[in-house]
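S.K.: Structure provided below as structure tokens; questions to follow.
The values are calculated or read from the model by the stated rules, or taken from the named source; none is laboratory data. Owing to the predicted nature of the structure, the values given are computational and were not obtained by experimental measurement. Cβ: placed from backbone, ideal geometry, glycine included. Neighbour counts: every protein chain shown. When the accessible area is computed, the model is the full protein with side chains, heavy atoms only, and any ligands, DNA or RNA have been set aside. Shrake-Rupley method; radii C 1.70, N 1.55, O 1.52, S 1.80 Å.
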Amino acid sequence: MRAGRRPRSAPKTLPGRIGTALFMVFVALLFSGLGIGGGVGLADGLKYSTRLSGTPGLLKITFCETTGTGKQRHTDCFGAFRSDDRRLTDAYASIGESFKTGTVLPVQRDADGHCYLVGVAPTAGRLAGICACVVGLVAGLAALCGAFATVMPQLGGRIGAALWSPWAGRMLSRLLLACGIGFALFGVTGVIGWLALP
């Protein structure tokens, strides 16, 4: 062996490669599931926070109720809703946030009687969340490609070369950069907006 040359590391055994691949598949499914599921849920809420769907009106909180324990613990508030055109009233409308009794909020009410906050804070918060979900989805896809490359190096290399070509790499870098900037901007805007809420 020539001086200064590092010895090659021994190739991983098949069980080792399979174990690594299974772990990477788990990571891929976790991040992809969170990215897709979270993104869809947040995008659905955007149509209410931007007043594109639902009935606009005011919700006056009458009481709040906390249920569940541990990570499942959450608070829902209930109150009287009245639409802006005064054609619709709901004495038992709900909202998935915690507010003081007597607080009056501008909201959008859906067909099931659930209300959503409107304005800058909830919209910016959802946009920041969508940016984070896109990053999670990309991380999941990268882990999936890594799993293929671990079990079948040649096929995985070909798939990686096709998916991560120089053009795709530039586009992906720009997408992640845009998501990072969007997360920072929307996150700060959302926090400032939430602090201004009653």
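S.K.: Looking at the stretch 55-89, which of its residues are free of Cβ contacts under 8 Å to residues at least 12 places away in the same chain and open to solvent by 80 Å² or more (accessible area, probe 1.4 Å)?
M.R.: Hits for the stretch 55-89 are Thr69, Lys71, Gln72, Arg73, Asp85, Arg86, Arg87, Thr89.
S.K.: Only one of these conditions is not met by Lys100: (1) open to solvent by 70 Å² or more (accessible area, probe 1.4 Å); (2) in contact (Cβ under 8 Å) with a residue 24 or more places away in the chain; (3) out of contact with any Cys (no Cβ under 9 Å at 6 or more places or on another chain). Which number is it?
M.R.: (3)
S.K.: In the stretch 43-54, which residues are closer than 20 Å to Leu105 by Cβ and touching a residue at least 12 places away in the same chain (Cβ under 8 Å)?
M.R.: Within the stretch 43-54, Gly45, Leu46, Tyr48, Ser49, Thr50, Arg51, Ser53, Gly54 qualify.
S.K.: Also, quick follow-up: For Leu52, state whether it is under 23 Å from the mean Cα position of the chain (by Cα) and not hydroxyl-bearing (Ser, Thr, Tyr). Break it down stepwise before answering.
M.R.: Values: under 23 Å from the mean Cα position of the chain (by Cα): yes; not hydroxyl-bearing (Ser, Thr, Tyr): yes.
Spelling it out, Leu52 is indeed under 23 Å from the mean Cα position of the chain (by Cα) and not hydroxyl-bearing (Ser, Thr, Tyr).
S.K.: Hey, another quick one. Give me the helices (runs of 4 or more DSSP H) completely within the stretch 98-198, filtered to those with at least 2 residues that are at pLDDT 90 or above, ordered by residue number.
M.R.: 120-151
S.K.: Going by the structure shown, is Asp76 of a type outside the set (A, V, I, L, M, F, W, C) and assigned to a strand (DSSP E or B)?
M.R.: Yes.
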